[in-house]
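I have placed the structure first, in the form of structure tokens, so that the comments after it can refer back to it.
The values are calculated or read from the model by the stated rules, or taken from the named source; none is laboratory data. The shown structure was predicted, so the numbers you read here are calculated from the model rather than taken from an experiment. Here the Cβ positions follow ideal geometry from the backbone for every residue, glycine too, while neighbour counts run over all protein chains shown.
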Amino acid sequence: MSVDPPARSPRRYLKWSAVVVAIVAVGVAVNRWFARNSIPAIEPFNVQQFESISVKPERNAIPVFRKAAAGFVDQAAFMAAATPARQNAFPASYNAAIKDWPLASADIRAWLEANRPAMEIWKQGSRLDEALDVPPEKMTIVTDSSLWTDAARTFTRLALLEAARLTSQGHVVAAWEWYRAVLRTSRLIGMHASLIPRLIGVASQSMATEAVIPWSARPELTAADLRGALNDVLLIDAMSPPTSDCLKIEYFVASNSFGWFESQLGPGTAFFAFGGGRDRAQRSLNLIFANWLSQADRPRFQRAPIHHGEIDLFDVDPSQAVGGLSAAEIERRGLSGFFPNPLLALMVPAGFAGIEAIDREHARRAGLILVLALELSAREHAELPNDLEALVKQGYLKSIPADPFGKGEPMHYRRAEKPADGGLVWSVWTDGVDQEGKVCVSENQASTDGDKCFEVRMPPIGKRAAPSKDQKK
């Protein structure tokens with residue numbers, strides 16, 4: 001015969017419920033105390049001033065870019081009905097056509113023609129001086145960035161094709177209009193923008209630089225042509241926003257996204273916020289960005305050492321750090337320790353990856369400026385100078401750009417022993433070791449051991465363009 005278990009007293013349930021509630025309350029109280037007392041409340045920069053960015057409509061390239069984007073036919077859509085063999089051949093044919101237009105396949109040529117009207121509209125937008133898509137205070141991680149991730153990439157690829165086509169037909173000055181449009185677009189992409197658009201701008205600038213350098217050695221170009229290109233590049237270079245601007249915009253993206261994540265994760269986030277998790281995440285985020293911003297605009301060799309951990313931070317002396325915490329303490333109190341913060345881990349962007357990419361872009365920008373100035377000097381003086389300082393003495397540049405990966409020294413240069421062999425400009429690149437331009441890296445290679453080299457070519461003397469009217473004067 002079975003015996004029913006004795007009924008449990010309601011008082012027992014109430015007792016254990018009270019214990020659980022008490023434990024939770026203590027945990028919440030401790031977490032809130034930890035958030036308020038362990039992590040200082042700071043402002044990483046003047047947030048209110050920065051969020052008030054505005055651009056006059058008549059100077060804003062975004063509406064023009066959006067109009068052009070609506071007319072683009074991207075590669076995938078264009079090749080959707082093609083055979084697998086043609087689809088697979090498209091990338092290789094594109095890469096070949098960029099360097100030598102006659103190698104372009106029929107599909108490449110047809111794709112270019114299909115996009116020509118939209119390209120012309122986008123080029124008009126690239127002539128404007130500013131770009132602002134979404135105000136910083138409204139940006140989140142779900143803000144639509146397809147204008148940059150899709151349309152800007154499509155324009156860059158098409159414009160480089162068009163420049164290659166024109167160059168192959170001898171229209172080298174007309175080709176420069178498209179190179180200039182890509183370079184200007186690469187600056188507009190990163191203007192008042194977060195990390196993703198800024199990095200797409202870095203990629204566009206890299207692609208254009210790789211194409212412009214051999215273009216600058218074309219024998220059809222006169223000194224006047226090169227002087228115009230150099231002046232354009234100097235103006236475009238001045239459009240480049242400081243690294244800190246990109247990080248500040250990224251701060252708004254991360255900070256504004258806390259609320260979006262909470263709306264997606266449901267009722268549990270209310271307890272998370274009540275328990276101090278939201279406040280702690282925001283305070284930690286502020287410290288992380290303050291750490292990055294304290295060093296990002298400094299020359300690389302003057303920055304604090306890197307602290308590698310769950311996130312990369314600068315190992316700033318705590319007595320000089322904003323908030324008074326070392327990199328290790330910021331990480332311990334924000335991402336690890338007794339109360340790890342999962343929401344913060346989701347929101348922290350790859351800030352260091354952005355800083356590193358922009359550093360590399362600085363070197364490419366410097367290399368492009370110097371190559372154009374050297375090619376111009378060679379046209380007007382019939383030979384390359386012995387050193388870069390001659391470019392200042394000759395009036396082409398106001399100063400020689402520093403090597404971003406060096407110790408404060410200018411970019412490096414060597415003229416070939418035989419004048420007809422040209423010369424070489426290089427940066428010591430990411431490993432910081434000067435290989436004297438004898439070991440050069442490609443950005444497509446995984447290895448970073450070597451220098452970033454920029455070749456200066458001398459066009460054959462008999463094929464050089466006749467002096468322009470400006471030169472004769």
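Condition (residue is under 30 Å from P349 (Cα atoms) and in contact with an Asp or Glu (Cβ under 8 Å, 6 or more places away or on another chain)) applied to region 203-210: is it met by at least one residue? Yes, because at least one residue in region 203-210 is under 30 Å from P349 (Cα atoms) and in contact with an Asp or Glu (Cβ under 8 Å, 6 or more places away or on another chain). Would you be able to say whether some residue in region 379-394 is within 14 Å of R457 (Cα to Cα), crowded, with 19+ Cβ neighbours inside 10 Å, in contact with a Leu (Cβ under 7 Å, 6 or more places away or on another chain) and among the hydrophobic types (A, V, I, L, M, F, W, C)? Yes; the residues of region 379-394 include at least one that is within 14 Å of R457 (Cα to Cα), crowded, with 19+ Cβ neighbours inside 10 Å, in contact with a Leu (Cβ under 7 Å, 6 or more places away or on another chain) and among the hydrophobic types (A, V, I, L, M, F, W, C). In the set (1) more than 18 Å from G190 (Cβ to Cβ); (2) crowded, with 20+ Cβ neighbours inside 10 Å; (3) at pLDDT below 95, the condition left unmet by L158 is number (3).
Where in region 310-426 are there helices (runs of 4 or more DSSP H), lying wholly inside it, with at least 1 residues that are on the phi < 0 side of the Ramachandran plot and touching a residue at least 60 places away in the same chain (Cβ under 8 Å)?
327-334, 342-347, 351-381
Does region 342-355 contain at least one residue that is small (G, A, S), surrounded by fewer than 19 Cβ atoms within 10 Å (Cβ to Cβ) and either touching a His at 6+ places or on another chain (Cβ under 6 Å) or modelled with pLDDT under 85 (or both)? Within region 342-355, one or more residues are small (G, A, S), surrounded by fewer than 19 Cβ atoms within 10 Å (Cβ to Cβ) and either touching a His at 6+ places or on another chain (Cβ under 6 Å) or modelled with pLDDT under 85 (or both).
Rundown of residues vs (1) over 30 Å from G259 (Cα atoms); (2) in contact (Cβ under 8 Å) with a residue 60 or more places away in the chain; (3) surrounded by fewer than 15 Cβ atoms within 10 Å (Cβ to Cβ), yes/no style:
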position	(1), (2), (3)
P91	yes, no, yes
D100	yes, yes, yes
A110	yes, no, yes
R116	yes, no, yes
S126	yes, yes, no
I141	no, yes, no
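Listed by first and then second residue, the pairs linking a residue in region 239-250 that is at negative phi and in a helix (DSSP H, G or I) to a residue that is surrounded by fewer than 19 Cβ atoms within 10 Å (Cβ to Cβ) and of a type outside the set (G, A, S), with Cβ atoms under 7 Å apart and 6 or more places separating them unless they lie on different chains, are T243/D297; S244/D297; K248/F45; K248/F50.
Right, A104: within 25 Å of the chain's Cα centre (by Cα) and crowded, with 16+ Cβ neighbours inside 10 Å or not? No, not satisfied. Only residues that are in contact with an Asp or Glu (Cβ under 9 Å, 6 or more places away or on another chain), of a type in the set (D, E, K, R) and either crowded, with 19+ Cβ neighbours inside 10 Å or under 25 Å from K407 (Cβ atoms) (or both): list them for region 298-330, please. Once the filter is applied, which keeps residues that are in contact with an Asp or Glu (Cβ under 9 Å, 6 or more places away or on another chain), of a type in the set (D, E, K, R) and either crowded, with 19+ Cβ neighbours inside 10 Å or under 25 Å from K407 (Cβ atoms) (or both), region 298-330 yields only R300.
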